[in-house]
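The values are calculated or read from the model by the stated rules, or taken from the named source; none is laboratory data. On a predicted model such as this, the values are computed, not experimentally measured, just so you know. All Cβ positions, even for glycine, are placed from backbone atoms using ideal geometry, and neighbour counts span all protein chains on display. We work out accessible area using only protein heavy atoms, side chains counted, and drop any ligands, DNA or RNA first. Shrake-Rupley method; radii C 1.70, N 1.55, O 1.52, S 1.80 Å.
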Amino acid sequence: MLDIKVTHPAQGKPLPDPDTLVFGKLFTDHMFLMDYHAGQGWHDARIVPYGPLSLEPSCMVLHYAQEVFEGLKAYRTPEGKVQLFRPLENARRLNSSCERLCIPQIPEEDFLQAVKALVHEDMSWVPHKKGTSLYIRPFIFATDASLGVHASHSYLFAIICSPVGAYYPEGINPVKIYVEDADVRAVRGGTGYTKCGGNYAASIRAGERAEEQGYSQVLWLDGVHRKYIEEVGAMNVLFKVNGTVITPQLTGSVLPGITRKSCLELLRDWGVPVEERLITAQELFDAADAGQLEEAWGSGTAAVVSPIGELAMGDKKVIINHGQIGHLTQRLYDTLTGIQWGTEPDPYGWTVPVE
Ligand code: PLP
Ligand code: COI
């Protein structure tokens, strides 16, 4: 159990207009911080006013990117209560990322306590408007003032929160995705399965190029054969082909998404055939040619369930389900968002209240 000291700002910021919320631009009044030093472990858990951090220019994270992060949300229920969605899954994935990046782990119960304590302090920032939520960004980074390439001996664990609207300006409308055949995001044995900043740094160039062409994000191919699909910039991907839902298996270069896992659990519960396996991009284009690519969607905390209306690779282009959201995609979206926002029962025990 952490002993968390709380300091409040002299004055809170005005709450934003819920109609104008975009993703990740505004931050709440508080942040959580906790230090780590070798020999001392994690210590000095505190909630303080949100504000700039002071770092040495030689701070290790700035040079070698020894850093991991997570993303989860707090949702406002119709009764005005606030709840989290599967936060222990984030705690577990954070620790799996820490293990890969040689960062000291955080006990799951301490992670949950810290998230809950911070959301409790900034409870009024959890927006009420439909489709909005409070995005929670926990992260840990190396703070040694040293240029040697080694694991740092000191770290900062921080959590910040941002009231958000839809991740894509399209909202629930289908997004256009480009299959990236030049850059690769991750290879097996690398850090693809972790949520570390470096993965995202490596992905920016392809994302920028895709955006210039009018696409929302890229669909990555595996780094070895350059033919198996992996995931999208901030989402896992699922396809309904001839009645079966297929999604790339977790080979080590794909992030094990919590929304992906929840989609698969729901689908299996509903009796929909599901396959986690290797899928070539060609297989998807062939299925589309045969009229069997029925639905496609991405899954992620920020993006929830996002229908994919168009998939392009080189000069090939397919429109999926006439560019409309499919029935199964809609059912997953409705069920997941219903559980998250507390408008539907939660038979799986996925939600955790914040008091
Ligand atoms: N893949 C990547 C690269 C992501 O950044 C995310 C977002 O967190 C996901 C997949 C989806 O993961 P989750 O459903 O846990 O948010
Ligand atoms: C999330 O969905 O939580 C993410 O972290 C996506 C983010 C990279 C924007």
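General remarks:
- Measuring between their Cα centroids, the stretch 304-355 and the stretch 252-279 lie 13 Å from each other.
- Across Glu231, Glu212, Glu344, mean-square fluctuation computed from a Gaussian network of the chain (C-alpha pairs under 10 Å connected) peaks at Glu212.
- C-alpha long axis of helix 197-212 to longest principal axis of the chain, angle in °: 50
- Residue order for Thr259, Thr251, Thr343 - accessible surface, 1.4 angstrom probe, largest first: Thr343, Thr251, Thr259
- For the chain, built as a Gaussian network whose Cα springs stay under 10 Å, the top-fluctuating residue of Ala91, Ala312, Ala38: Ala38
- Global geometry of the stretch 49-97, whether rounded, prolate or oblate, following the gyration tensor of its Cα atoms and the 1.5 cut on a/c: oblate
- Measuring only protein heavy atoms, the 1.4 Å probe finds Arg100 accessible over about 80 Å².
- With an a/c value of 1.5 or above and a/b not larger than b/c for the gyration tensor axes a ≥ b ≥ c computed over the alpha-carbon atoms, the stretch 80-236 is described as oblate.
- Report note on the peptides 19-29, 172-182, 278-288: ranked by the mean count of other C-beta atoms within 10 Å, highest first, their order is 172-182, 278-288, 19-29.
- Calculated [222 nm] ellipticity per residue, helices only, for the chain: -7500 deg cm²/dmol; basis is -39500 (n - 2.57) per DSSP H run with n ≥ 4, divided by all residues, nearest 500.
- Compared with the dominant Cα axis of the chain, that is its longest principal axis, helix 108-121 is turned about 80°.
- The largest accessible area among Val352, Val164 belongs to the first residue in Val352, Val164, and the rest follow in falling order (1.4 Å probe, all chains).
- Distance from the Cα centroid of the stretch 117-135 to that of the stretch 22-36 is 12 Å (rounded to whole angstrom).
- Choice from Trp297, Trp270, Trp125 showing the highest fluctuation, given a GNM over the chain with Cα pairs closer than 10 Å: Trp270
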